[in-house]
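The values are calculated or read from the model by the stated rules, or taken from the named source; none is laboratory data. The shown structure was predicted, so the numbers you read here are calculated from the model rather than taken from an experiment. No Cβ is skipped: glycine too gets one built from the backbone with ideal geometry, and neighbour counts run over all protein chains shown. The area values use the complete protein model at the heavy-atom level, side chains included, leaving out ligands, DNA and RNA. Shrake-Rupley method; radii C 1.70, N 1.55, O 1.52, S 1.80 Å.
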Amino acid sequence: MSRGFYIGRFQPYHNGHHRMVDRIANEVDELVLGIGSAGDSHSRHDPFTAGERIMMITKSLVDLDLVTYAVPIEDLDRNSVWVSHVQSMSPDFDVAYSNNPLVIRLFEEAGVEVRQSPMFNREELEGTEVRERMIEDRDWESLVPEAVVEVIYETNGIERLQRVSETDFNER
C-alpha cells in the first residue's frame with residue numbers, strides 16, 4: 001500500500017486542486033491532504049479557517065475511490081525543520097506531491113520522493129483568482145467543486161471575504 005501527501009493552503013479548495021487529487025488517486029492507495037497555514041483565517045489572503053477547508057475537501061472527495069486524510073499543518077517559519085514538522089503532524093507517507101519550488105527542495109533535501117503534476121488552467125484555477133471573483137461578485141462557483149460552493153455559502157464566506165477586504169482608507 002502506498003500513501004501520498006499533498007499540501008496546499010486550499011483558500012479555497014478549487015477545481016485545480018481537485019484535478020490534482022484525481023490524478024494522484026491513480027498513483028497511490030491513500031492520500032494525506034495537508035492544510036497549510038492552518039492557523040491563518042479571516043484575511044484577504046487566507047479567509048477560511050482550517051475547519052472550513054477540511055469541510056471543503058472532505059465533502060468534495062466523498063465520491064472519490066480513495067482513502068483521504070485532511071490534516072491541519074500550522075506554519076513554521078524555519079525551513080530547515082519544516083519537513084520534520086509536517087511529518088510529525090501527518091500519517092506516514094511515501095511520496096509528496098507539489099509544484100512549489102521551495103516545498104520540492106525541502107522534501108528532496110529530507111530524502112522524500114517528490115512528484116510534480118502539470119498545472120490545470122492556472123490562469124483561472126488558483127486561489128487568488130477565485131477570491132478576487134468572490135470579492136468582486138463575479139462568477140467563482142464554476143471554479144470550485146459544488147461541495148465547496150455549499151460550504152462557502154454555509155459559512156457566509158463571501159460576506160467575510162468582502163468585509164476583511166474592505167479598507168478604512170478614505171480616498172479624496
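Relative to the Cα centre, the charge distribution of the range 1-150, modelled as +1 at Lys and Arg Cβ and -1 at Asp and Glu Cβ, gives a dipole magnitude of about 240 debye. Take each peptide in 90-98, 77-85, 137-145, count the other Cβ atoms within 10 Å of every residue, and average; sorted highest first, the result is 90-98, 137-145, 77-85. Principal axis extents of the Cα atoms in the chain, from largest to smallest and rounded to whole angstrom, are 57, 37, 27.
As a length-normalised measure over Cα pairs under 8 Å and 6 or more apart, the relative contact order of the chain settles at 29 percent. Only one residue of ALA147, ASN26, ILE7 has its Cα farthest out toward the positive end of the dipole of the chain, where Lys and Arg carry +1 and Asp and Glu -1 on Cβ, and that residue is ILE7. Excluding ligands, DNA and RNA, the accessible surface per residue across the range 22-117 is 52 Å² with a 1.4 Å probe.
If you roll a 1.4 angstrom probe over the protein chains with everything in place, what fraction of the accessible area of the chain belongs to carbon and sulfur, to the nearest %?
Working: 4060 of 9290 Å².
Percent of accessible area from carbon and sulfur atoms in the chain: 44.
When you count the other C-beta atoms within 10 angstrom of each residue and take the mean per peptide, 4-10, 28-34 line up highest first as 4-10, 28-34.
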